[in-house]
Amino acid sequence: NDEGHDAKNLRVKLVLLGDSGVGKSCIVLRFVRGQFDSASKVTVGASFLSQTIALHDSTTVRFEIWDTAGQERYAALAPLYYRGAAVAVIVYDITRPESFCKAQYWVKYSKMIEAISFIELQKHGSPDILMALVGNKADLQEKREVPAQDALDYAEKNGMFFMETSAKTSDNINELFEVLMTFSSFI
Ligand code: GDP
Ligand code: MG
């Protein structure tokens, strides 16, 4: 996976997946621009943003973030977003159990895509996708309906990172990307 970058300047393609309304676009905007807009627009199809962060040893990682729309009608486009992705961040809303179910669907889907790209890309090295499960809207503790322990158990069973975030308060947003960066830098 060393196309176009060396050990000092890594480029990591990241796809954000999850049900509509869980806060994917807000997570990206918080990370890239440090902003939270409670009236953010619904993503149509997919949007693209990038952000470069530095590791302590002068290595930089440029995240190329594909923020997808959760709507079913765009599901057919998902394989396009996945092409060359090193990281999949699968988001749910801790106040909406159905969004956690949907996240599990995306995990299975990601594993399927990973298996397909393994067959497709065998000649080009490891297609392993680093997966993270993210429970967003952690600021809404009083409305919580998905216990953190359930999500953690699920994530561990599936070999994923797990973190709860709040795009609103920015809790764990930078930490999420720092963890992903640390692991991506070994890809
Ligand atoms: P997407 O469809 O997954 O991209 O979701 P959006 O980013 O568009 O966010 C959907 C709604 O959830 C918006 O009204 C946001 O203001 C709200 N939202 C997003 N993140 C948070 C969060 O961390 N806390 C709270 N309380 N609301 C959030
Ligand atoms: Mg969106």
Problem set entry | Counted residues, the stretch 70-99 - those being at pLDDT 75 or above and either buried (at least 17 other Cβ atoms within 10 Å of the Cβ) or within 16 Å of ligand 2 (Cβ to nearest atom) (or both) | 13
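Do the conditions hold for residue 102, that is, is it loosely packed, with under 13 Cβ neighbours inside 10 Å and modelled with pLDDT of 90 or more?
Numbers: loosely packed, with under 13 Cβ neighbours inside 10 Å: no; modelled with pLDDT of 90 or more: yes.
Judged against the criteria, residue 102 is not a match.
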Exercise. So which of 2, 37 ends up being modelled with pLDDT under 90, away from ligand 1 (no atom under 12 Å from the Cβ) and of a type in the set (Asp, Glu)?
Worked result: 2
For this session: Report whether or not residue 10 is away from ligand 1 (no atom under 13 Å from the Cβ), surrounded by 21 or more Cβ atoms within 10 Å (Cβ to Cβ) and at pLDDT 90 or above.
Result: no
Exercise. Within the stretch 133-182, can you find the residues that are of a type in the set (A, V, I, L, M) and part of a helix (DSSP H, G or I)?
Worked result: 148, 151, 152, 155, 173, 176, 179, 180, 181
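The values are calculated or read from the model by the stated rules, or taken from the named source; none is laboratory data. Only a predicted model underlies this, so the values are computations on that prediction, with no experimental measurement involved. As a convention, Cβ positions derive from the backbone with ideal geometry for all residues, glycine included, and neighbour counts pool all protein chains shown.
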